[in-house]
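First comes the structure, then the notes that go with it.
The values are calculated or read from the model by the stated rules, or taken from the named source; none is laboratory data. If you're wondering where the values come from, they're calculated on a predicted model, not measured in any experiment. Quick reminder, even Gly has a Cβ in these numbers, built from the backbone with ideal geometry, and neighbours come from all protein chains shown. With ligands, DNA and RNA removed, areas are computed over all heavy atoms of the protein, side chains included. Shrake-Rupley method; radii C 1.70, N 1.55, O 1.52, S 1.80 Å.
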Amino acid sequence: MAALAALWLGAASRVHVNASWSDEAWGYAAFPLFGEALRIGDRVLFEPRPDRSPGQASALNAPVPYLKTVRGLPGMTVAVAEDGTVRLDGEPVGRAKTHALDGRPLAAIAPGVIPPGHYFLHADHPDSHDSRYAEIGLVPRARILGRAVALPDIPWIGLKGPLVGPEDVRSDDVPEARR
């Protein structure tokens, strides 16, 4: 019975390659949530935009799901200071930048209360593209693919750490003033 359960869980989970240099693993497995309530600190994979079709990049040009940590739950208050500092229930979680690494402008998330069924997802890296920004916003539960578990390095086949680096952001995409 345990072997059948492990086989079923393996089939139900999905492996995703880490396309971000801001995290240390080469890939993640997404395991179904089975109706579990998400908690602060849970790591999850999610589709960054609802208009993404399977096998296509999203409107944000994200070819793979995003990996983030749950930082805000329904009922918590989101506030944004003039300097871009984003706070959840008064505690700072990060600062929203005015421009992405590729130079496009970014708008901070609108202040308010996180509605039922939505989550504030965040990563500690200052260049993380997460709920601090209006393009991502508060993520509905329906777009969360599952709980994320980092996959171990397998150096003998080249799977060690992130598979991309900050140098993969093309400098010709960044305006002259930001280089």
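For the reader, a short list of remarks on this structure follows.
- The criterion of at least 1 residues that are in contact with a Pro (Cβ under 8 Å, 6 or more places away or on another chain) and open to solvent by less than 30 Å² (accessible area, probe 1.4 Å) is met by the following strands (runs of 3 or more DSSP E) wholly inside the range 60-130: 77-80, 85-88, 91-95, 118-122.
- Within the range 37-53, none of the residues are part of a loop (DSSP other than H, G, I, E, B), open to solvent by 30 Å² or more (accessible area, probe 1.4 Å), modelled with pLDDT under 70 and touching a strand residue (DSSP E or B) at 6+ places or on another chain (Cβ under 6 Å).
- Residue within the range 11-31 that is open to solvent by 40 Å² or more (accessible area, probe 1.4 Å), touching a Ser or Thr at 6+ places or on another chain (Cβ under 8 Å) and modelled with pLDDT of 75 or more present: yes
- Residue pairs whose Cβ atoms lie under 6 Å apart, separated by 6 or more positions or on different chains, with the first residue in the range 88-111 and more than 20 Å from residue 69 (Cα to Cα) and the second of a type in the set (Gly, Ala, Ser) and surrounded by fewer than 14 Cβ atoms within 10 Å (Cβ to Cβ), are 107/134.
- All positions within the range 131-155 that are exposed (fewer than 12 other Cβ atoms within 10 Å of the Cβ) and out of contact with any Pro (no Cβ under 9 Å at 6 or more places or on another chain): 152, 154, 155
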